[in-house]
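Structure first, commentary second.
The values are calculated or read from the model by the stated rules, or taken from the named source; none is laboratory data. All values derive from a computational prediction rather than experimental measurement. Cβ placement follows ideal geometry from the backbone for every residue including glycine, while neighbour counts extend to all protein chains displayed. Surface accessibility is based on the protein's heavy atoms, side chains included, excluding ligands, DNA and RNA. Shrake-Rupley method; radii C 1.70, N 1.55, O 1.52, S 1.80 Å.
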Amino acid sequence: MELQGSHVLNAPPEQIWEMLMDTDVLARIVPGISRLEKTGENEYKAVADIKMGPVSGSFSGGLTLSDIRENEGYVIHVKQSSKIGNADATIRIDLAPVGQAQTQLTFDGGAKLSGLLARTGNRVLSGVANTLTKQFFENFEKELQTTKQT
Amino acid sequence: MIPYAFDYARPESVEEALDLLDDDAKILAGGHSLVPALKLRLSAPGKLIDIARIPSLKGIREENGEIVIGAGTTHDEIMKSDLIKQHLPMFAEGAALIGDPMVRHKGTLGGSLAHADPSADWPAMVIAADGEVVLRGKNGSRLVAAADFFIGFYSTALEEGEIITEIRLPVPAEGTRMNYQKFAQPASRFAIVGCSVVRHPDGSVRVAFTGVSDAPFRDTGVEEALSGQQLTDDVIEAAAAKAAQGVSLNSDHFATEEYRQHLARVYCKRALKAVA
Amino acid sequence: MTKISVTVNGTAQTHEVEPRQLLVYYLREKLGLTGTHIGCDTSSCGACTVHMDGMAVKSCSILAVQADGCEITTIEGLAKGDQLHPVQEGFKECHGLQCGFCTPGMIMSATDLLQNNPDPTEEDIRHALEGNICRCTGYHNIVRSIQWAAEKMKTSARALDGAPVSTSPVYASVNLNQQQQV
Amino acid sequence: MSTNYIGQSVKRLEDKRFITGKGRYTDDIKLPGMTYASFVRSPYAHARVNSIDTSAAKDMPGVVAIFTGDDIASAGIVGVPTGWQVNFKNGDTMKEPPHPLLVPTGSTVKHIGDPVAVIIADSREAAFDASELVEVDWEELPAVVSALKATEEGAPQVHPDAPGNLAFDWEIGNPIDEVNEAIEQSAHVTTLEFVNQRLVPNAIEPRAYIGHYDEVSDKYTLYTSTQNPHLIRLLMCAFVLGIPEHKVRVLGPDVGGGFGSKIYHYTEEALVTWASKQIRRPIKWTETRSEAFMLDAHGRDHISKAEMGFDADGNIKALRIKTYANLGAYLSTFAPAVPTYLHGTLLQGLYTTPKIHLELSAVFTNTVAVDAYRGAGRPEATYLLERLIDLAALEMDRDPIQLRKQNFIPSFDGVEQPGYQTQVALQYDSGNYHGVLDRAVEMLGYEEFRRLQQESSRNGKLIGVGLSTYIEACGIAPSAVVGALGARAGLYESAQVRVQPTGKVSVYTGSHSHGQGHVTTFAQVVADKLGIAMEDIDIIHGDSDAVAFGMGTYGSRSLAVGGSAIVKSIEKVLEKGAKIAAHKLECSADDLEYAEGKWTVKGTDKSISFGDVALTAYVPHVYPQGLEPGLDFSSFYDPANFTYPFGCHIAVVEVDKETGKVKLKRFIAVDDVGNVINPMIVDGQIHGGLAQGIGQALLEEAIYDENGQLTNGSYMDYAMPRADDLPMFEIERQVTPCPHNPLGVKGAGEAGCIGSTPAVVNAVINALWSGGHKVKDIRMPLTSERVWRAMQSSNSTITQS
């Protein structure tokens, strides 16, 4: 499953970066992830509950950050397993300033799926990816607004 | 394939159904989408609320310039309805393209919309026909335009605790022409591209797609290109060329993004020609 | 467990079932009606087709509890005693089956078609079989079987009106008498 | 009454139970105390099993037992074997790594679905629920899927003891130097690199097994959805479980289609048999469709480069092929035979090609086993030849029909004229290749079609016609020949004809029927030969206790081999019957003639009926001295040669210029399958084969991603031909009898599947050329998108798409 997206966010890269390094924020904006617990240097235990219409599944696994480039981006690696299959995603996130106050966030990567998800998902996977991408940026926007308000 | 265990309830009324509806419950209508998901254990509700026999959710009627279709009306009933054939012939013809006879006998319009499969046929038709979806919760009903109802993959404007009760479609003015064109996926027979077009006597045209993106959508790009124009071959060609722009495109074994976009243009053109 | 009452092939049945029990398992395992088959997990193949309140449905995608209060007809209930339904006869006359596994579902779909459309074109028949997969016959003889049955049903109807009856066999050939066809 | 049954479209005797829902398939059978099995299967294509924790599952209500690979290994069970041995070119034995029933801890799973544990419970639900609670610690390993990539340096290794993932390499034909030289000297060489894609057989009945060990009789019974009960018993007893063969009964009740996929001895068969002894209760396992996609042996999956050299006049001078055959992770029962003896030996086709060479690499990958699927090897050979010759015709601007005809082997009947010796080991029995081609073209109305095509092209539609001719080797097979080729079993068939005292006849055949209509066809043969009524005959198959032996149903062998065994037994019955008749009629047996169910003294009206002779045989009061009582004979028939059906198929397609969608408009098939016993049944066999061959051309492919996940493992994503994908077929037959079996029959089960695929692809290419798209090839299946992309390509040069 390919995961790609790009969006301009209304905050400078430094602010976006700070949010991306805050696990509580990350847990709120990454679709599905409901909890992140730090287990080591840039390593987290992640619990995800995916609910899309009739499809629901509880995933658990780890999340690690690597290739950390301050204010510029990192590589996020999520490994999740569930009864309906496992997902192993590697996504590179890049930040680029747009003018003074905006940031272009681009991500590019893919998820390796196994089990039932891989076997029966082809018809809908790109739809899932597109929706997850939309949700990610919507969540990000929402988070930015809440930050502004507070 | 065996589902996880769950409880089952068959309420007599929408009110009763709403009382039962909580986080852990799923609404069961025809079941031809939900039960396969349960069997594959993709879905694990604690409780199913079977609304298929609630009388108020059944039937098709004309009311205040609208055709009102109960959410529990089956594809087969819509296909065979004289009222539909008279006012919304595209719905009768389109229904015949859904699934297969067995699916049409059990599957319902409300179930299909709530399920929001990105390749389902109904959403494109309901959007193009300017339909509205009536959602009912414990605190009453609200209306959502079909064009705003589908927000993503299997995701809709339905809030927790709401049920679709009706779909309301304006009775088209005399002279309205409508058409649904579908390029079916050869295995599932879901739409790789489905394009629905409604052309009103005033010349305005509504265009909607299913199958193309993670949610069905109204294509204002095409509509604008047609605005104030006669539907000549050249105009159609130029407008269809704008189909499915600015949306994230689906891809699968049968159609990459590029081919899907091409099909969207071809099927848009064909649907437009059918109403020209 | 939930109590259900259904009429299956004309016989009233009442049972306690788990809500998650599929109608097809209820029919096959509780009632021993193993003529209804399971060919897939995704509601795609149609081997499990039965009639519920007179309409063809896929019994693998319906819970037994959903059938509470309904009339179910399975392949075992289609013939009237020794008198085969014309569609059953058609499948035999025109060699509309080979391994027989999809056959009950095919026959139930075909009877549903003919009760809605007594005079289907070849295209109508092929369209109506969209939900049934056969891997043996290439559908050629299934289509002919249904055409044969449609013809037979029309001529039988005409016979009731006093008109002469003739249904020409597709395979002009030896047709052994009924007792041998066990 | 008439007793002339051979050649009649007798309605099938087996139909009544199927059309009334009274068929009895394995999953329909319920035994007292029966338990249900559910497997824990790998979600990964390649992974080490570090540990398995079954404790939570064991505590679930209804769970009777759980076995893991360690339990199986400690019981000394190694795994299931393959049935064929092929040697490397250098003479070394092929690699045959073990195929365990359950993968033990510390070992690796090798394809998705590979099982590591089995749960046995009181109900299907309990077994299924508990299987989710087994915790497995998987260590995912890199996987390899493509046969070509598997042979590359640094590819993940499927088996440690098969370096380079090579099961074996192999060659056949003329010396390579001679073939190279002939290619070099050719005036024109047509080259095609292509994939013959992987297919899922998809019999509509998923596999089902019931293992039942009975303590009192110390006897095992296995009910199995198989194409060959005896072969399963032999393999399971002798090579897997080491249990006494006479204490095992294997029953193949009604079986819902096989198409090759139910030939093999699958691990689950042995597992339920073994486990039922451990728990002393019957165990049923019924596959889900999801499992069927993952586990049932797949078909085809070749990657080839093929070159065909022609002289300046269009005569084929040479054929050179390099093929990579994907065998999957384990060697299934027939796997080594398919790309070799069922493929390499068919590369002569119908042509007089003087120099042929195939080089083959048979490769392990992290995918499920690939084995015989309808046609098995012969569709791959035919596809290669018929695509090459069609492309050559385009490249050389020659008529594809004329090009074929000028290269055809001349007609021969195998009696007056000798059989045709090919460059690739086989000797064809009889053939009339011009006959089928001429007739098919006549049915098409070729000149008329060309005119129509030009007209349609002007109207914005692309119409194409494509033709293919084929020969296959079936009636498998002479034991001595297949033994020399590496088969670990003979390929004869047995039949017992037991005449009952009242003259009724029970026939026991080793040929299992799962849709082919043996009960009818065999009864026709017996009725015809004995001159008695069909209702007086019973055909019994599928029970290893009742039938002496059987090598099974595959390779279009039932009538040619199994039917011939029946004829042999009938001859013995009639020979003994004549002695009894002669005694009763007080004449010499030489004075008798047998017809219409009675022996008559030649030139008189003195006769005795078959029934009277049967009664006399069992009540031998007035009886020839020294003759044993009874009238009951068994025979084993081992054929002298394969049989070689052939034919010509023509497809007419319409291509949507805007979308690339292909619509099959007409399909013409003229087949010559030798003599025909029941035309109606043979028609049905051809129809079904056509649908599968057309399915390969246009719709079907098993798609693994690079990690070895099968990404279209359901009918929602794997496109099966449905009724509205196909037209009514236009079929005819010609008859060139097989000269070496008593019925003169050749076999019809695979023919449709072999000839149809290239005809469809050729038709689409033809349609595209008619629109100016000079496309060289399109990869199967010809999805709308692939055809559309081909049309986007250059209009002036021949391109690979």
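Along chain B, the exposed loop sites are GluC sites (Glu not before Pro) outside DSSP states H, G, I, E and B with at most 13 other Cβ atoms within 10 Å, and the longest stretch free of them is B:13-158.
Extent of the protein assembly as shown along its three principal axes (Cα atoms, max minus min coordinate, largest first): 117, 80, 73 Å.
Using a Förster distance of 41 Å, how high is the FRET efficiency between D:Val622 and C:Glu151, based on the Cβ-Cβ distance and rounded to 0.05? That gives a FRET efficiency of 0.15.
The residue list C:Ile72, D:Leu388, C:Thr11 was ranked by how far each Cα lies along the charge dipole of the protein assembly as shown toward its positive end, using unit charges on Cβ atoms, and C:Thr11 comes out on top. For segment D:691-801, taking the reciprocal of the average inverse distance between every pair of different Cα atoms yields a Kirkwood hydrodynamic radius of 16.6 Å. Working note: Cα gyration tensor of segment B:7-50, eigenvalues times five, square-rooted, sorted largest first, giving semi-axes of 19, 11, 7 Å.
All alpha carbon pair distances within chain A were sorted into 5 Å bins beginning at 0; the resulting P(r) in whole percents reads 2, 9, 18, 25, 20, 14, 8, 3, 1, 0.
Taking the convex hull of the alpha carbon positions in segment D:533-597 and averaging its projected area over all directions gives 6.1 nm². Using every pair of separate Cα atoms, the Kirkwood estimate puts the hydrodynamic radius of segment D:492-637 at 15.5 angstrom. Packing, taken as the mean count of other beta carbons within 10 Å per residue, orders the peptides D:407-413, D:100-106 from highest to lowest as D:100-106, D:407-413. Take the accessible area of chain C alone and of chain D alone, subtract that of the pair, and you get about 5300 Å² summed over both chains, using a 1.4 Å probe. Taken over segment D:388-489, the alpha-carbon convex hull comes to 159 cubic angstrom per residue. Accessible area lost on pairing B with A, both sides, 1.4 Å probe, Å² to nearest 100? For B against A, buried area totals roughly 2000 Å².
All Cα-Cα distances of segment D:91-185, cut into 5 Å bins from zero to the largest, leave 2, 10, 14, 14, 14, 12, 10, 8, 6, 4, 2, 2, 2, 1, 0 percent in each bin in turn.
For chain D, what log10 I(q)/I(0) values come out of the Debye formula at q = 0.10 1/Å, with one point per alpha carbon and no solvent? Per q value, in the given order, log10 I(q)/I(0) is -1.06.
Sparse packing (at most 14 other Cβ atoms within 10 Å of the Cβ) combined with a DSSP loop state is found for the following trypsin sites (Lys or Arg not before Pro) in segment D:12-96: D:Arg24, D:Lys30, D:Lys89. Roughly how many whole Å is it from the C-alpha centroid of segment D:385-458 to that of segment B:17-60? Result: 59 Å between the Cα centres.
Normalised Debye scattering of chain B at q = 0.09, 0.12 Å⁻¹ gives log10 I(q)/I(0) of -0.40, -0.71, counting only Cα atoms as equal scatterers and leaving out solvent. Relative to a virtual label point 7 Å from the Cα of D:Ala75 in the Cα→beta-carbon direction, which members of segment D:271-293 show backbone nitrogen distances below 17 Å? Flagged as within label range: D:271-286. On a per residue basis, the convex hull of the C-alpha atoms belonging to segment D:565-688 measures out at 180 Å³. Each principal axis of the Cα cloud of segment D:455-522 was taken in turn, and the coordinate range along them, longest first, works out to 73, 40, 16 Å.
Computed from the Cβ-Cβ distance with R0 of 41 Å, the FRET efficiency linking B:Lys138 to C:Asp119 stands at 0.20.
If the chain linking A:Glu70 and A:Gln104 were pulled fully straight, counting 0.36 nm for each residue of separation and taking away their Cα-Cα distance, it would gain 10.7 nm. Within the accessible surface of the protein assembly as shown, defined with a 1.4 Å probe on protein heavy atoms only, the carbon and sulfur portion equals 48 percent.
Cross-link pairs exceeding 22 Å in C-alpha to C-alpha distance, out of B:Lys39/D:Lys262; A:Lys51/A:Lys79; C:Lys152/D:Lys665; B:Lys47/D:Lys58; A:Lys38/A:Lys79, comprise B:Lys39/D:Lys262; C:Lys152/D:Lys665; B:Lys47/D:Lys58. Chain B packed on chain C takes about 2500 Å² of accessible surface away from a 1.4 Å probe, both sides summed. Compare each residue of segment C:91-128 in its chain alone against the assembly with all protein chains, and report those whose accessible area goes down by 40 Å² or more; 1.4 Å probe, heavy atoms. At a threshold of 40 Å² (probe 1.4 Å), the residues of segment C:91-128 that become less exposed are C:Lys92, C:His95, C:Leu97, C:Gln98, C:Cys99, C:Phe101, C:Arg126, C:His127.
Can you give the FRET efficiency to the nearest 0.05 for C:Asp82 and D:Asp214, using r as the Cβ-Cβ distance and R₀ = 45 Å? The computed FRET efficiency comes out at 0.75. Among the GluC sites (Glu not before Pro) found in segment A:26-61, those both in a DSSP coil and sparsely packed, with 11 or fewer other Cβ atoms within 10 Å of their Cβ, are A:Glu41.
For segment C:1-73, the alpha carbon positions stretch 29, 24, 19 Å along the principal axes, listed from largest to smallest. In a DSSP loop and with at most 11 other Cβ atoms within 10 Å, the GluC sites (Glu not before Pro) in segment A:47-150 are A:Glu70. Take the Cα of D:Glu395, step 7 Å along the line toward its Cβ, and report every residue of segment D:188-204 whose backbone nitrogen sits under 12 Å from that point. Hits in segment D:188-204 for D:Glu395 at 12 Å: D:188-193.
Here the simple spin-label model places points 7 Å from the Cα toward Cβ, and for D:Asn4 and B:Thr256 these points are separated by 6.3 nm. Compare each residue of segment D:527-559 in its chain alone against the assembly with all protein chains, and report those whose accessible area goes down by 50 Å² or more; 1.4 Å probe, heavy atoms. Going by heavy-atom accessible area, the residues of segment D:527-559 that drop by at least 50 Å² are D:Glu535.
In segment A:41-85, the residues that give up 10 Å² or more of accessible area when the other protein chains are added, compared with the chain on its own (1.4 Å probe), are A:Lys51, A:Met52, A:Gly53, A:Pro54, A:Val55, A:Ser56, A:Lys79, A:Lys83, A:Ile84. A simple spin-label model places pseudo-atoms 7 Å from Cα toward Cβ; at D:Glu153 and B:Ala276 they are separated by 6.0 nm. Taking trypsin sites (Lys or Arg not before Pro) as exposed when DSSP calls them loop and at most 15 other C-beta atoms lie within 10 angstrom, chain B has its longest site-free stretch at B:139-276.
Counting only DSSP H runs of at least 4 residues, each contributing -39500 (n - 2.57), and dividing by the residue count of the protein assembly as shown, the helix-based mean residue ellipticity at 222 nm comes to -8500 deg cm²/dmol. Pairwise alpha-carbon distances in chain C exceed 31 Å for 19% of all pairs.
In the context of the full set of protein chains, residues of chain D present 31 Å² of accessible surface per residue (probe radius 1.4 Å, heavy atoms only).
Taking one equal scatterer on every alpha-carbon of segment C:86-165, how large is log10 of I(q)/I(0) by Debye at q = 0.14, 0.27 1/Å? Ignoring solvent entirely, the Cα scatterers give -0.41, -1.33.
Spacing of the modelled spin labels on B:Asp23 and D:Thr93, each 7 Å from Cα toward Cβ, amounts to 6.2 nm.
Solvent-accessible area per residue in chain B equals 35 Å², computed with a 1.4 angstrom probe and all protein chains kept.
The mean sequence distance of close C-alpha pairs (under 8 Å, at least 6 residues apart), as a share of the length of chain A, puts its relative contact order at 28 percent.
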